[in-house]
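The values are calculated or read from the model by the stated rules, or taken from the named source; none is laboratory data. Remember, predicted model here, so these are calculated numbers, not experimental data. Here the Cβ is made from the backbone with ideal geometry for all residues, glycine too, and neighbour counts use every protein chain on show.
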Amino acid sequence: MLALIEEFSALFGLLSFILAVVSIYLFLRSKKEKKPMFCIRSINLIGDLYNKIGGLEVYYKDKPVSNVFSTNVAFWNNGGEVINKNDISQTEKLRVVFPKGKILDKEIVTTTSNSINFEIEQQNENEVILSFDFLEKNDGAVVNLLHTSKSLKDVKFIGKIKGVKIKSLSEKNGNGPRGSHRRVLINLVFILLAYTLLTFFGFPVESLINPAWGNYSGLFSSISVLIIYLYLIYSEVKMPEEISSYMNTTGSIPEKVNS
C-alpha cells in the first residue's frame, strides 16, 4: 500500500509541475494578447402587456409598435495588447444585428475613456456598426438599443478582428455550461491545494509526501498547485467595473449618456 501511495505521490508531483509550467506559459502569453469580448443583456418592455390588456396600443414616434425590447451590448478588450481601429475587418465590421426586428433608438450609455472615441452608426433599420480608435486593456463601452423583436434571443453580434476570435462572456465564464465547468475546476484545484498544504505542514494526512524525499515532495506539489490555482483565478474573465455597473441593469433604459 505504501509503495502505491509513493507512486501516486510522484505521479501527482510530476503532473502538477507540468500543469504549473503550462500555467506560467499561458499567463505570460496572455499579457501580449488581444482579447475582444462582448456581452448582451435584454429585457422585454411591453410585450407581456399585450397578453394581459386587450385592445392595448403602444406608439413610438407616432408609429404603432409591439414587443419592444431594451438591449444593452458591452464590448471591451480583456487582453493586454491594444486593439486598434485598423485591426477591425473592413468587410466584416463590428455590428449588432436584429434579423427579425427593427431598431427604434440607439445611444452610447458609457465608455471607459473618451480618448477611445467609441461610436455607433445605424447601418439600416435592424443593424448598427460599432467603431473606436483603440482599446487598451479593459477599455470598452456599453451601447443601449431600443428595438422590436420576436424574442430575447433575436440579436447577433457580428464582425471580425484580425488574428483573434471575438468571444461572448457567457461562452467564456458566464452562466452557461462552460462557466459552470470552469468553477468546478477552480474549486477542485483549491481542494488539491489545501490538501497538499496540509500535508506539507505536518497535518495527519498520510498520503502525498514521499518519505524518500522528506517534506520536499509536499512543498514541490504545494507550489505547483498554487501556481495553477492562481492562474485559473487570474484567467477568469471579468467585465471592467465601469462597464459592469451598467450591464447589471440587465437591459434597462439608461438615465444618462456617457460618463
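Tabulated results
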read-out	value
Qualifying strands (runs of 3 or more DSSP E) (wholly inside the stretch 92-154; at least 3 residues being within 18 Å of Ser168 (Cβ to Cβ))	95-97, 140-148
Residue that is farthest from Leu146 (Cα to Cα) [pool: residues in the stretch 69-93 that are surrounded by fewer than 21 Cβ atoms within 10 Å (Cβ to Cβ) and hydrophobic (A, V, I, L, M, F, W, C)]	Val82
Residue tally, condition outside any loop (DSSP other than H, G, I, E, B), out of contact with any His (no Cβ under 6 Å at 6 or more places or on another chain) and not acidic (Asp, Glu), over the stretch 59-91	19
Residues of the stretch 47-73 that turn out to be at pLDDT 70 or above and either out of contact with any Phe, Trp or Tyr (no Cβ under 9 Å at 6 or more places or on another chain) or at positive phi (or both), as a count	9
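Yes or no, residue by residue, for (1) buried (at least 22 other Cβ atoms within 10 Å of the Cβ); (2) under 21 Å from the mean Cα position of the chain (by Cα):
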position	(1), (2)
Val128	no, no
Ser131	no, yes
Lys137	no, yes
Val142	yes, yes
Leu145	yes, yes
Thr148	no, no
Lys153	no, yes
Gly159	no, yes
Gly163	no, yes
